[in-house]
There are 2 protein chains.
Amino acid sequence: MINAVGRDIPDEILKATGKEVFQGIHYRDGYTYKKDGPVTRCVSDNTKSKLADSIHDVLIKCNIKDGMTLGFHHHFREGDYIVNMVMEEVHRLGIKDITICASSLGKAHDPIVPYIEDGTITNIQSSGVRGKIGQAISSGKLKGLAIMRSHGGRVRAIESGETRIDIAFIGAPTCDDYGNCRGIGGKSNCGVLSYALVDGDYADQVVAITDCLVPFPNFPAHISMTKVDYVVVVDAIGNPEKIATGAAKPTTDMRKLMMADYCTRFVVNTPYFKDGFSYQTGVGGASIASTISLAKIMKERNIRMRFGVGGLTKPMCDLLANNQVDCLLDTQDFDLDAVESVKDFKHFRISAGEYANPFNKGAVVNKLDFVILAALEVDVNFNCNVVVGSDGEITGAQGGHPDTAAGAKCAIVIVPLLQGRIPAVCTEVTAVTTPGESIDVVVTDYGIAINPKRQDLIDCMKGVDLPFKTIEELRDIAYSIAGEPEKVEFDDKVVGIIESRDGTILDVVRKVKEYTFADN
Amino acid sequence: MINAVGRDIPDEILKATGKEVFQGIHYRDGYTYKKDGPVTRCVSDNTKSKLADSIHDVLIKCNIKDGMTLGFHHHFREGDYIVNMVMEEVHRLGIKDITICASSLGKAHDPIVPYIEDGTITNIQSSGVRGKIGQAISSGKLKGLAIMRSHGGRVRAIESGETRIDIAFIGAPTCDDYGNCRGIGGKSNCGVLSYALVDGDYADQVVAITDCLVPFPNFPAHISMTKVDYVVVVDAIGNPEKIATGAAKPTTDMRKLMMADYCTRFVVNTPYFKDGFSYQTGVGGASIASTISLAKIMKERNIRMRFGVGGLTKPMCDLLANNQVDCLLDTQDFDLDAVESVKDFKHFRISAGEYANPFNKGAVVNKLDFVILAALEVDVNFNCNVVVGSDGEITGAQGGHPDTAAGAKCAIVIVPLLQGRIPAVCTEVTAVTTPGESIDVVVTDYGIAINPKRQDLIDCMKGVDLPFKTIEELRDIAYSIAGEPEKVEFDDKVVGIIESRDGTILDVVRKVKEYTFADN
């Protein structure tokens, strides 16, 4: 069945998943449903201890068995030890048919690929995957389906009961013996635990894994003891060097600086740029540069930001330090400056649900004026792809991309016209991961295209000295330089689905066709 | 059927409520159940406003109808306007058969008695009631049953789905237009919103009522916008003079000072009194005096408290200000000093569930060393009554009494041997509201009784110069002074049940017999 972004979703996938095709970003606004609840084992006896001896011990205590769904969070990013540590023990116990429901998976998790190959892991639900897991999925090695969800979409899936997590594993930089977890402190400091909060709320069993046990009460708890069954102390939950990195140096790439300049000049000419505006940006070089240049103009014009949201980096935290923003709302910290900033009185932690869940009574993204995003590809319908590489392999993550794009009054995608030798503006993206309906502006190094449905923004920009073009013109320039890219050859076999934040299907990901020689 | 505290619970009440009789404080430890979830209406469209024009308007928007259950919290105490304001409008709309599920009700709510009498309100669930509502229930005017629950018990009832709240009303000292509520700020400052958090989490519809609308985002939110459907701005949500009072002057009542001294000397001679101990106390004169005298000894012996819990008052907050405690965990603020202390970096808000729910994975009360409590009556089995007056009328609240008593390693009840001319230590309490199993020590002005099941504490006190007596001796002294009190005459009709924190029935409350003259 063809969905609202023109993608053909095979009937067998609709049947197998019980899902509908994507029907527009606000299709489910006003939809009423009953939230799920976890199975909870009561602890009222004050003599009970929650401490378990080891990962092995806690898996036994949790009655780990075939077919379970395990929850993980990705705040430790490429420094995460938790997923591998747990899956190694699950594998050792001979457990099969595990579904991993992670807020994201990266190259740090390459070691679990053998467990995909041997059937220990048969389903993966994640914002995205990178590295060898992506290759394994794209080459058809996962027995079940990979489901790629946005950060808000994951919360929706769990809160609605679509995904039930049997055991959630919370990597906790600090934890007390009763399970109060904090993202800050210890030696594996990640700042916040926002993505894991829904695991705490909805998983039947919750295991806190820490390398820094602190005295009770570890308050303010980011995840409360009232939701934690067991606490395991291990030597290390992550590699501090890879969890948060030192702040990226401001880019000196002229192309990125130019795009940042275009973006900022666009932003300041919209009606949303006024005292009290709100703003989110990603971690790409151009995004970071645009925050820096925006801060300068805010200062010149005496305009103050009400709140900044993210996935935070130093330039956003500098706004707080320099008193240019009232507060920051934080779901993830990308660098050490952001981690450190968490201690600021006006740097607030929010859960992934508060951030982006379309199935609650209103998330922070709904209150965004601007979001500045990146993309692997954008097509002439403004559809974005941030998950599937131009070679057809899964190598990215939805993250908050579709959530913030849907919520923000002005969603801007910054993308170089050519990614290496590949046109980033194209006729049709390899996979639709954010619907064009929610993208308002595309900024490239060759010009800026405004989504024709935003006539109001087009009108605003009359007389503004920026290189406006249509999206088709941008595509044509790209193709004229690099040629029209050849379509990736896919098998029929569907290896994954790109879920819209509301749970409908935006697109499918198919197995990449193996390269065959003519004489075979 | 006779329950574990020897009370006969009528079969028809067990049948009507579907409840079991009380079987001991840890009967349900390890019990496994599935938590309930609210019916949620999704808001993903960023153009929607949550503002409603009036209480009337919001009731219409919520489709108020006969038989609904409405949730309220009592942080505004005797200064609360919310309950009356909402119920007046419900009554005006001609709605009948409402169940009120409040964290507590007081004399401020006398104006709703006519709505009990006319069938607008037919069921009341509360920690307790005072004033005319108590009289109305005890004289049989409530059509249904009054259910008296502890603070932890209310959370249990709601989270387990036993009580489903259709519409919760959150009185919010400050709120933004998207529903982020805070207990602090504005003109009706109550400090925290702890009792209302479960309403936010589990009510199908949540209405924030505020007299101080602030810019988005009102962070850190005590109740998140993600749980709030509507925001109503009114002139006043409470009477600031009656919400939090100025700190009570330290008592000069020699009897109370003596009991406080006994209590403190008992505490310091237990093995729990050591560096890192935890402590909770109530708001009575003797309790407050014992906190003050304990602080003095802590200073002398260089002993530091790890955390204090409450229902907080100035003497507890002074411990924080004087650096004698690491942190405070706050569910309610009784005076202006406590409200002001909420701003302290180490003064942490906790939900009623975190505080005391026996049906989660471990509440704060489980980690208490000491709790110092009051009571209306204590009997020779150490059972306490804090709800039913000696005249048989409901005039008190369970509050956190049964929760903290069950959780704390050492639960001490301070009670004057005579309350006026009524023996407070007696053969059998008018109603059992906290089981004697969880009470370790009774301190009176005539001596101290240790529960015989606590042989360890009895052993500790050998050689300690305190007037130890058996509980029977205390009772006998009381009876020798004031005579054995006559039993209150009750009708057979059951008007209310005293629920144990785990949902079983501790006791029932019967209609008080109308006084009849002999010649009638």
- What does the accessible area of B:MET68 come to, in Å² to the nearest 10, when a probe of 1.4 Å is used? 20
- Per the rotation taking chain A to chain B, min distance Cβ-to-axis on chain A (residue, whole Å) equals A:GLY37, 2
- Taking the Cα centre of each part, how many Å lie between the range B:259-321 and the range A:304-357? 39
- Mean per-residue count of partner chain Cβ within 10 Å for B:217-223 equals 5
- Given a Förster distance of 41 angstrom, what is the FRET efficiency for B:ARG92 paired with B:PHE345, based on the Cβ-Cβ distance and rounded to 0.05? 0.35
- Note on the structure: Straight-line reach check, A:LYS143, cutoff 13 Å on alpha carbons, 8 or more apart in-chain or any other chain, hits among aspartates and glutamates -> A:ASP97, A:GLU117, A:ASP118
- Mean shadow area (nm²) of the C-alpha convex hull around the protein assembly as shown is 44.3
- Task: For chain B, list log₁₀ I(q)/I(0) at each q in 0.08 Å⁻¹, using the Debye formula over Cα point scatterers of equal strength and ignoring solvent, two decimals each.
- Result: -0.48
- Query: Say a label goes 7 Å from Cα toward Cβ at A:ASP465 in every copy; what distances in nm does this one have to the rest, shortest first?
  - Reply: 9.2
- If r is the Cβ-Cβ distance from B:ASP8 to B:LYS48 and R0 is 45 Å, what FRET efficiency results, to the nearest 0.05? 0.25
- Query: Under a point spin-label approximation (7 Å from Cα along Cα-to-Cβ), what is the B:LYS274-B:THR32 distance to one decimal in nm?
  - Reply: 3.6
- Query: Could you give the distance between the Cα centres of the range A:451-502 and the range A:368-433, to the whole Å?
  - Reply: 8
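Please give the length that would be gained between B:GLN324 and B:LYS15 if that part of the chain were fully extended, namely 0.36 nm times their separation in residues minus their C-alpha to C-alpha distance (nm, one decimal).
106.1 nm
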- Message: At 7 Å along Cα-to-Cβ for each site, give me the label-to-label distance between A:GLU428 and B:ILE481 in nm.
- Response: 9.2
- Query: Mean separation of Cα pairs under 8 Å and 6+ residues apart, divided by the residue count of the range A:248-378: what relative contact order is that in percent?
  - Reply: 24
- Note on the structure: For A:LYS343, the accessible surface traced by a 1.4 Å probe with all protein chains present amounts, in square angstrom to the nearest 10, to 130
- Message: With equal scatterers on the alpha carbons only and no solvent term, can you work out the Debye log10 of I(q)/I(0) for the range B:37-158 at 0.12, 0.18 1/Å?
- Response: -0.47, -0.98
- Task: Give the nm distances, rounded to one decimal, from B:THR32 to the matching residue in every other copy, measuring between label points 7 Å along Cα toward the beta carbon; shortest first.
- Result: 3.4
- Task: Shielding by partners for B:29-39, please: the mean number of other protein chain Cβ atoms within 10 Å of each residue's Cβ.
- Result: 6
- Query: Taking A:LYS469 as the anchor, which lysines have their alpha carbon closer than 18 Å to its alpha carbon, excluding any fewer than eight residues away along the same chain?
  - Reply: A:LYS453
- Task: Count the DSSP beta bridges whose two residues both fall in the range B:332-445, then state the antiparallel fraction as a percent rounded to the nearest 5.
- Result: 40
- Query: Could you sort B:TYR230, A:TYR81 by accessible area so the largest value comes first, with the probe set to 1.4 Å?
  - Reply: A:TYR81, B:TYR230
- To the nearest Å, what is the center-to-center distance of the range A:95-147 and the range B:88-140, using C-alpha atoms only? 56
- Note on the structure: SASA check, A:LEU213, accessible area w/ 1.4 Å probe, all protein chains in place, rounded to nearest 10 Å², comes out at 80
- Fraction of accessible area attributable to carbon and sulfur, the range B:254-482 (%, probe 1.4 Å): 51
- Taking all pairs of different Cα atoms in the range B:156-244, averaging 1/r and flipping that mean, what Kirkwood radius in angstroms comes out? 12.8
- Multiply the residue gap between B:LYS141 and B:ASP66 by 0.36 nm, knock off their C-alpha separation, and tell me the result in nm, one decimal place. 25.1 nm
- When the helices in the protein assembly as shown are scored as -39500 (n - 2.57) per DSSP H run of 4 or longer and the sum is shared across all residues, what 222 nm value do you end up with, to the nearest 500 deg cm²/dmol? -7000 deg cm²/dmol
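The values are calculated or read from the model by the stated rules, or taken from the named source; none is laboratory data. Predicted model, so just to flag it, every value in this text is computed and none were measured. Quick reminder, even Gly has a Cβ in these numbers, built from the backbone with ideal geometry, and neighbours come from all protein chains shown. For the accessible areas, the whole protein counts, side chains as well, though only heavy atoms, and no ligand, DNA or RNA atoms are used. Shrake-Rupley method; radii C 1.70, N 1.55, O 1.52, S 1.80 Å.
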